[in-house]
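These notes concern the structure reproduced below.
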Amino acid sequence: MVPIVVMGVAGCGKSTVGKALADRLEVPYAEADDFHPPSNVSKMHGGEALTDADREPWLAAIAGRIGTAAERGLVVSCSALKRVYRDVLRGGDPGAFFVHLVLTPEVATARVNGRSGHFMPSTLVASQFAVLEPLGVDENGIGVDATLPLDRIVEKVLSRL
């Protein structure tokens, strides 16, 4: 089974959708936030956007995990905002399938403001939209409206796999 990367800006529902897809497919789920080194978490918690250099070891670790998925399959959530980031992730498996959860900056900000206990402040949502590169037509994946009910999102993804 091809690995699935659920991507998008903060607040789009990557973790929720990723867990639901993994449960439905009966494959492991990996939360990209768990791959961040403490220095990245500290920067984001302080309201500072990560640089590409900050992201390099994080993306490499996620790509490594994708590379171990083999035939068992995997769903991983990861912002994967730029194509170059997705290219790093595809280094783990060139066939990785990307699910871009699409929503407006206003909805993303409201969702981030509504969650507690997360290191990502809503003040960084705008910076994520500023660098977001939606999936290219030549990339293996699908864009899905992140405001749809969870079961509809999962069904849309499964219908494309």
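Of all the residues that make up region 19-38, how many are surrounded by 20 or more Cβ atoms within 10 Å (Cβ to Cβ) and either touching a Cys at 6+ places or on another chain (Cβ under 9 Å) or among the aliphatic types (A, V, I, L, M) (or both)? Lay out the reasoning, then the answer.
From region 19-38, those surrounded by 20 or more Cβ atoms within 10 Å (Cβ to Cβ) are 21-22, 30, 32, 36; that's our starting set.
Then drop every residue that is not either touching a Cys at 6+ places or on another chain (Cβ under 9 Å) or among the aliphatic types (A, V, I, L, M) (or both), which leaves 21-22, 30, 32.
Matching residues across region 19-38 total 4.
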Any idea which residue in region 96-111 is farthest from Glu71 (Cα to Cα), counting only those that are among the aliphatic types (A, V, I, L, M) and not in a helix (DSSP H, G or I)?
Leu103
Would region 17-33 turn up any residue that is aliphatic (A, V, I, L, M), under 21 Å from Gly143 (Cα atoms), under 13 Å from the mean Cα position of the chain (by Cα) and in a loop (DSSP other than H, G, I, E, B)?
no
Regarding Ala61, is this residue touching a Pro at 6+ places or on another chain (Cβ under 7 Å) and not in a loop (DSSP other than H, G, I, E, B)?
no
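Could you please let me know if Val41 is open to solvent by 40 Å² or more (accessible area, probe 1.4 Å) and under 19 Å from His100 (Cα atoms)?
Numbers: open to solvent by 40 Å² or more (accessible area, probe 1.4 Å): yes; under 19 Å from His100 (Cα atoms): no.
No; evaluated as a whole, the condition is false for this residue.
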Can Gly47 be described as surrounded by fewer than 21 Cβ atoms within 10 Å (Cβ to Cβ), of a type outside the set (S, T, N, Q), touching a residue at least 24 places away in the same chain (Cβ under 8 Å) and within 19 Å of Ala108 (Cβ to Cβ)?
yes
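Looking at region 34-51, which of its residues are of a type in the set (Ser, Thr, Tyr) and in a loop (DSSP other than H, G, I, E, B)? Steps first, answer last, please.
Narrowing region 34-51 to residues of a type in the set (Ser, Thr, Tyr): 39, 42, 51.
Hit for region 34-51 is Thr51, nothing else.
The values are calculated or read from the model by the stated rules, or taken from the named source; none is laboratory data. Just so we're clear, the structure is a prediction, and the values are computed from it rather than from any experiment. Here the Cβ is made from the backbone with ideal geometry for all residues, glycine too, and neighbour counts use every protein chain on show. Just the protein is used for accessible areas: all its heavy atoms, side chains included, with ligands, DNA and RNA removed. Shrake-Rupley method; radii C 1.70, N 1.55, O 1.52, S 1.80 Å.
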